[in-house]
Amino acid sequence: MKKRTLYSLAIIALFVFNSNSLLAQNKATIHQDKRIATLTQTKNTLDKNTKKSKYKIQLANGSKAHINAVLSRFYAEFPNTPTHKVYESPEYKVRVGQYRTKLEAERALILIRKEFPNAIIVKL
């Protein structure tokens with residue numbers, strides 16, 4: 001009976017010690033080269049400072065005469081907004097503004113649509 005009790009205690013002890021080691025959380029340590037953090041920070045800074053536009057607002061499309069009339073109206077209402085006339089066969093298109101984010105373009109679109117209700121945002 002003593003052997004059986006010792007044997008039972010040994011088995012219980014094994015389960016207790018093994019379960020503790022299985023439940024313990026191992027912590028991983030990541031060693032990252034400092035140059036990676038520097039490169040990431042530099043790229044983020046460049047992206048913020050780059051003034052490359054990704055969105056424009058298209059006012060109208062159609063014949064050259066129609067586009068010139070739309071441009072004249074637009075210049076009168078928004079004199080400081082850059083404009084761009086594009087020819088894509090068979091028609092001309094008027095695109096205005098230079099917006100880095102869609103949110104910026106949507107804000108401008110709200111103002112522009114008061115005078116040009118058919119204006120849309122175009123992703124370049």
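The values are calculated or read from the model by the stated rules, or taken from the named source; none is laboratory data. Everything quoted here is computed from the prediction, not taken from an experiment. Virtual Cβ from ideal backbone geometry, glycine too; neighbours counted across all protein chains shown.
Pairs are defined by a Cβ separation below 9 Å, a sequence spacing of at least 6 or placement on different chains, a first member in the stretch 59-73 that is on the phi > 0 side of the Ramachandran plot, and a second member that is surrounded by 14 or more Cβ atoms within 10 Å (Cβ to Cβ) and part of a helix (DSSP H, G or I); the pairs so defined are Gly62/Val70.
Number of residues in the stretch 105-122 that are part of a helix (DSSP H, G or I) and among the β-branched types (Val, Ile, Thr) equals 2.
All conditions in (1) within 13 Å of Ser53 (Cβ to Cβ); (2) within 24 Å of the chain's Cα centre (by Cα); (3) not basic (Lys, Arg) hold for His84, with the sole exception of (2).
Determine which member of the set Lys85, Lys56, Lys102 is touching a Gly at 6+ places or on another chain (Cβ under 6 Å) and either within 15 Å of Leu124 (Cα to Cα) or surrounded by 15 or more Cβ atoms within 10 Å (Cβ to Cβ) (or both). Criteria check complete, one pass: Lys56. Within the option set Asn26, Asn44, being polar (S, T, N, Q), within 31 Å of the chain's Cα centre (by Cα) and either modelled with pLDDT of 65 or more or within 30 Å of Lys102 (Cβ to Cβ) (or both) holds for one residue only, Asn44.
The set of residues in the stretch 54-99 being assigned to a strand (DSSP E or B) and of a type in the set (A, V, I, L, M, F, W, C) consists of Ile57, Leu59, Ala60, Val86, Val94, Val96.
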